[in-house]
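First the structure, in the form of structure tokens, and then the observations on it.
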Amino acid sequence: FIVKITLIKGDGIGPEVSGSTRSIIDAALELHSDLKIDWEVFNIVDGQLSEALFKSLETNKVAIKGPITTPIGFGFKSINVFLRQKYNLYANVRPIKKIIPTRYDESIDLVIFRENTEGLYAGIEHVISEDHIVAEKVTTRSASMKIATAAFEHALKLNASKITVVHKANILKQCDGLFLETVRAVAKKYPTVELVEMIVDNTAMQMVMKPSQFGIIVTTNLYGDILSDLAAGLIGGLGLAPSANIGEDMAIFEPVHGSAPDIAGQNLANPTACILSGVLMLEHLGEMKAAQAITQAITAVLDHADTRTKDLGGTLTTSEFTDAVIKRL
Ligand code: NAI
Ligand code: MG
């Protein structure tokens with residue numbers, strides 16, 4: 001049978017990594033499933049979103065998205081943040097797993113549950129004067145409860161024994177205080193899961209010093225954004241870090257990385273982060289066999305130093321890497 005999925009190509013390296021992902025998913029489904037995807041493809045130019053895109057997302061409820069450039073300082077607001085807020089995609093789930101050798105001997109297998117709709121990303125800034133700007137950090141009990149519940153439900157599913165909540169409630173006593181208090185309250189409903197509390201600056205240091213101590217992390221929007229790039233750096237870089245934006249009835253899958261203008265259009269990007277986001281999408285659709293086949297093929301290709309992309313010290317271009325994964329399937 002056929003299912004329609006929205007594909008937002010993105011810009012910069014977006015079209016390269018999302019194109020690679022599309023061909024690998026198509027190949028895997030052909031081999032391992034009766035399902036076929038009818039991709040509804042969209043380009044976003046100059047921050048302009050079309051009614052047709054909204055309609056596609058609202059009908060299909062599942063999308064893969066390439067990264068989209070956001071101008072720094074003045075200019076349009078982030079399309080990424082806009083879509084997460086518009087569709088209340090409250091959980092940004094970011095798994096980080098060591099699949100190639102790194103500077104760490106220990107295993108690294110963690111997942112960050114980042115609150116995805118508020119915090120400092122509410123984008124509310126007040127110009128008091130040209131020399132004085134105030135930004136609002138929005139924290140609500142309901143959004144904090146949703147992200148905490150998502151994290152604890154995930155812990156139950158994995159049989160995990162602890163969750164680390166990352167905060168700065170020592171300084172932001174009200175905002176992060178409410179977040180922490182809400183996570184503690186949710187934790188009480190999950191007596192088999194221990195809640196470990198950690199302040200964000202210490203967390204950054206702990207992640208670098210001993211990443212194996214982390215399993216599931218739950219945190220606010222900004223800390224989750226920063227710590228997930230840090231975590232990607234532990235396992236080989238942004239080219240390897242996928243994510244899922246999950247809401248009540250919609251899910252958008254995208255790599256953690258941005259549009260990488262420094263390497264865009266040169267067939268140099270590592271598509272793994274986007275492909276693994278596609279794997280998360282297939283799991284979301286219940287297509288476990290195809291998901292597993294792609295994971296195995298990627299792992300096998302990445303296992304050889306010479307069949308990696310340049311960011312990982314290899315020599316393959318984006319398209320050669322894509323072909324290698326498809327061949328391996
Ligand atoms: P970036 O993630 O695009 O790039 C950071 C560094 O990592 C660069 O050196 C880049 O070449 C490298 N890199 C990233 N992805 C890679 C890949 N797949 N393969 C190989 N190397 C890779 O971050 P940056 O430069 O801070 O942001 C660029 C633009 O992307 C900005 O406009 C930003 O707003 C946007 N952005 C969009 C996101 C989204 O659409 N969800 C997320 C993050 C940033
Ligand atoms: Mg980010």
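The values are calculated or read from the model by the stated rules, or taken from the named source; none is laboratory data. Just so you know, these numbers come straight off a predicted model, no measurement behind them. Cβ sites come from the backbone with ideal geometry, for glycine too, and all protein chains shown count toward neighbours.
Have a look at VAL200, VAL165 and point out the one that is within 22 Å of the chain's Cα centre (by Cα), away from ligand 2 (no atom under 16 Å from the Cβ), under 17 Å from ARG94 (Cβ atoms) and aliphatic (A, V, I, L, M).
From the options VAL200, VAL165, the qualifying one is VAL165.
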* Please work out which residue is nearest to ligand 1 (Cβ to nearest atom), limiting yourself to the stretch 260-291 and to residues that are in a loop (DSSP other than H, G, I, E, B) and under 23 Å from SER56 (Cα atoms). => LEU285
* Would you say LEU89 is touching a Gly at 6+ places or on another chain (Cβ under 9 Å), assigned to a loop (DSSP other than H, G, I, E, B), surrounded by 18 or more Cβ atoms within 10 Å (Cβ to Cβ) and of a type outside the set (Asp, Glu)? -> yes
* Asked: Within the stretch 226-252, how many residues are within 18 Å of ALA148 (Cβ to Cβ) and in contact with a helix residue (DSSP H, G or I) (Cβ under 8 Å, 6 or more places away or on another chain)?
  -> 4
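Yes/no matrix, rows are residues, columns are (1) surrounded by fewer than 21 Cβ atoms within 10 Å (Cβ to Cβ); (2) assigned by TED's automatic domain parsing to the domain that holds GLY278; (3) aromatic (Phe, Trp, Tyr); (4) not in a strand (DSSP E or B):
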{"site": "ALA27", "(1), (2), (3), (4)": "yes, yes, no, yes"}
{"site": "ILE37", "(1), (2), (3), (4)": "no, yes, no, no"}
{"site": "PHE54", "(1), (2), (3), (4)": "yes, yes, yes, yes"}
{"site": "PRO67", "(1), (2), (3), (4)": "no, yes, no, yes"}
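Quick one: which of ALA232, ALA291, ALA297 is farther than 22 Å from LEU83 by Cα and within 12 Å of the chain's Cα centre (by Cα)?
ALA232
Every residue, every condition in (1) touching a strand residue (DSSP E or B) at 6+ places or on another chain (Cβ under 6 Å); (2) more than 19 Å from LYS98 (Cβ to Cβ); (3) basic (Lys, Arg), yes or no:
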| position | (1), (2), (3) |
| --- | --- |
| LEU268 | no, yes, no |
| GLY286 | no, yes, no |
| ALA305 | no, no, no |
| ARG308 | no, no, yes |
| LEU312 | no, no, no |
| SER319 | no, yes, no |
* Structure fact -> In the stretch 302-321, anything hydrophobic (A, V, I, L, M, F, W, C) and under 22 Å from the mean Cα position of the chain (by Cα) is listed as LEU302, LEU312, PHE321
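Helices (runs of 4 or more DSSP H) wholly in the stretch 128-238 with at least 3 residues that are modelled with pLDDT of 95 or more and acidic (Asp, Glu) - which ones?
Ranges flagged: none.
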* Could you check, for the stretch 128-136, whether at least one of its residues is crowded, with 22+ Cβ neighbours inside 10 Å and not assigned by TED's automatic domain parsing to the domain that holds VAL256? => no
* Asked: Scanning for something within 30 Å of PRO271 (Cβ to Cβ) and within 16 Å of ligand 2 (Cβ to nearest atom), does the stretch 142-162 turn up at least one residue?
  -> no
* **Counted residues, the stretch 199-248 - those being more than 22 Å from LEU276 (Cβ to Cβ) and either without any contact (Cβ under 8 Å) to a residue 24 or more places away in the chain or within 12 Å of ligand 1 (Cβ to nearest atom) (or both)** => 5
* With the condition kept exactly as written, say whether any residue in the stretch 247-258 is within 16 Å of ligand 2 (Cβ to nearest atom), out of contact with any strand residue (DSSP E or B) (no Cβ under 6 Å at 6 or more places or on another chain) and assigned to a loop (DSSP other than H, G, I, E, B). => yes
* Asked: Are any of the residues in the stretch 160-178 among the basic types (Lys, Arg) and crowded, with 16+ Cβ neighbours inside 10 Å?
  -> yes
* Criterion (within 11 Å of ligand 1 (Cβ to nearest atom) and either buried (at least 24 other Cβ atoms within 10 Å of the Cβ) or in a helix (DSSP H, G or I) (or both)) met by exactly one of ASP306, ASP311 -> ASP311
